Amino acid sequence: MDKIKRIILMSVPMSICNFRCSYCYLTHRKEYYQNKQPQYRYSPEHVAKALSKERLGGIAYINICADGETLLTRDIDKYTYALLKEGHYIEFVTNLTITPVLKRMLSWDKELLKHLSFKCSFHYLQLKQKNLLNIFAENVHRIWDAGSSANIEITPSDDLIPYIDEVKAFSMKQFGALPHLTIARNDKTKNIEFLTNLSIEDYHKIWSQFDSSFWYFKKSIFGCQRKEFCYAGDWALQVDLSNGNAGECYRKRHPFNIFKNIDKPISFKAIGRCLEPHCYNGHALLSLGCIPHLTDVRYGDIRNRVRADGGEWLQPEVKSFFNSTLVESNEEYSESKKKIILAEDCLYDAVVGSAKRIYHLVKK
Ligand code: SF4
């Protein structure tokens with residue numbers, strides 16, 4: 001069975017969406033709704049070579065997510081295909097309403113489709129308003145029938161509360177199980193907090209009725225600043241698909257370009273100390289093991305659901321791969337190496353912090 005060697009968080013700078021969800025964190029970014037397609041600097045073939053198994057040292061979990069609806073991104077199917085052909089596992093984030101592109105993807109070779117998993121964002125109120133609920137459900141089944149994986153995730157937003165009963169009934173009928181829940185977050189707040197007007201007690205009481213292991217894990221780490229040594233930067237990278245700009249995680253200490261000079265090896269180096277207020281996407285980053293031995297929760301288990309008919313949302317290959325952890329294929333650093341990295345970065349942060357303060361003073 002394949003084991004995960006690295007995580008690639010592949011962002012796609014594209015700002016077109018057919019939905020307008022009240023809780024969308026993308027609305028907090030300046031790129032939102034600019035109606036722009038990415039300007040790719042490199043072909044799909046070049047990107048696949050830059051992220052070859054040889055260069056990454058093994059098989060990667062690649063999460064592809066645009067700043068708008070991913071399936072509306074020009075040529076996204078071509079890049080996804082090239083990366084699947086390279087042997088990686090792709091998790092594709094989508095609202096699942098752009099059927100022609102989806103159908104094109106599902107016509108690929110069965111062996112490739114086994115490595116493809118769709119994170120189906122179940123935007124119930126927009127789907128209902130636009131009369132697209134049946135299209136969404138049909139597309140979920142289209143994915144399963146083609147031999148790929150589909151998991152359904154809903155955002156527990158305050159405006160959805162009056163519709164909970166119908167969401168549950170629809171999900172049981174169409175997906176054989178209740179959707180998993182994510183956490184709506186407020187990226188405008190300094191600490192990236194919960195996006196809800198409810199007290200945390202009420203929030204828990206209302207949404208725990210979905211019994212989502214994904215949400216339980218996400219909630220258990222949400223808001224906790226990570227102090228442990230994190231291997232993002234070595235075992236995980238964040239990459240911009242349009243140009244190859246890359247770095248350790250969402251916030252970068254040592255940015256570099258991964259698509260230029262692809263004959264040279266990648267210089268992987270762990271971030272050590274996290275730069276984020278908390279690991280808000282730790283449902284994948286932490287369950288897959290960016291911080292080793294932190295949790296026994298496994299990504300495949302919390303993404304999956306067993307349907308009422310006994311079938312599962314994730315295909316066996318994807319489930320097994322998602323249940324592997326980075327520490328199984330990577331060597332941990334010695335304590336002295338960790339200390340050196342932490343000391344270097346402490347110095348680096350102090351120098352950069354001072355330079356920024358001086359710059360702002362001079363600018364005033
Ligand atoms: S703790 Fe999470 S957010 Fe922070 S660097 Fe590691 S993986 Fe990234």
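Counting only alpha carbon atoms, the long axis of helix 335-363 and the longest principal axis of the chain meet at about 90°.
For a quick check of understanding: with a 1.4 angstrom probe and all protein chains in place, what accessible area in square angstrom does E166 have, to the nearest ten? Only protein atoms counted, so the area is about 70 Å². In this structure, the amide hydrogen of I154, modeled 1.01 Å from its nitrogen in the peptide plane, lies closer than 5 angstrom to those of F122, H180, L181, T182, counting only residues at least 5 positions away or on a different chain.
Contact order, relative form, for the chain: 19 percent (alpha carbon pairs under 8 Å, 6 or more residues apart, mean separation divided by residue count).
Find how many whole Å separate the alpha carbon centroid of the range 58-108 from the alpha carbon centroid of the range 165-211. Answer, in whole Å: 26. Restricting to bridges with both residues inside the chain, how much of the DSSP beta-bridge set is antiparallel, in percent to the nearest 5? So the antiparallel bridges in the chain amount to around 20 percent. What the phi angles of the range 105-115 give under the Karplus curve with 6.51, -1.76 and 1.60, with θ = phi - 60°, is a coupling list of 5, 6, 8, 6, 3, 4, 5, 5, 5, 5, 9 Hz, glycine and proline written as x. Checking the cross-link pairs K78/K119; K85/K168; K78/K219; K36/K119 against a 27 Å limit on the alpha carbon distance flags K85/K168; K78/K219 as lying beyond it. In the range 249-350, the convex hull through the Cα atoms has an average projected area of 9.1 nm², a quarter of its surface area. Excluding H278 itself, what net charge comes from residues whose Cβ is under 13 Å from its Cβ, given Lys and Arg +1 and Asp and Glu -1? Around H278, the charge tally is +3. Proximity of backbone amide H atoms, modeled 1.01 Å from N, is registered between G272 and C230, A232 at under 5 Å, excluding neighbours fewer than 5 places apart on the same chain.
Computed from Cα atoms alone, the Kirkwood hydrodynamic radius reported for the chain is 21.3 Å. Rolling a 1.4 Å probe across all protein chains gives W108 an accessible area of roughly 40 Å². Amide H contacts of G223: C279, each under 5 Å away and 5 or more positions distant or on a separate chain (H built 1.01 Å from N in the peptide plane; Pro and chain starts excluded). Would you work out if the range 148-234 is rounded, prolate or oblate? Take a ≥ b ≥ c from the square roots of the eigenvalues of the alpha-carbon gyration tensor; rounded if a/c is under 1.5, else prolate when a/b is larger than b/c, oblate otherwise. The shape class here is oblate. Computed per residue of the chain from DSSP H runs no shorter than four, each worth -39500 (n - 2.57), the mean residue ellipticity at 222 nm is -10000 deg cm²/dmol. Remark: the range 193-201, residue by residue, has Karplus-estimated 3J(HN,Hα) of 9, 4, 9, 7, 9, 7, 5, 4, 5 Hz, where x stands for each Gly or Pro and the curve is 6.51 cos²θ - 1.76 cosθ + 1.60 at θ = phi - 60°.
The values are calculated or read from the model by the stated rules, or taken from the named source; none is laboratory data. Model, not experiment: these values are computed from the prediction. Using ideal geometry, Cβ is built from the backbone for each residue, glycine included, and neighbour counts are taken over all protein chains shown. Surface areas here come from the heavy atoms of the whole protein model, side chains and all, with no ligands, DNA or RNA. Shrake-Rupley method; radii C 1.70, N 1.55, O 1.52, S 1.80 Å.
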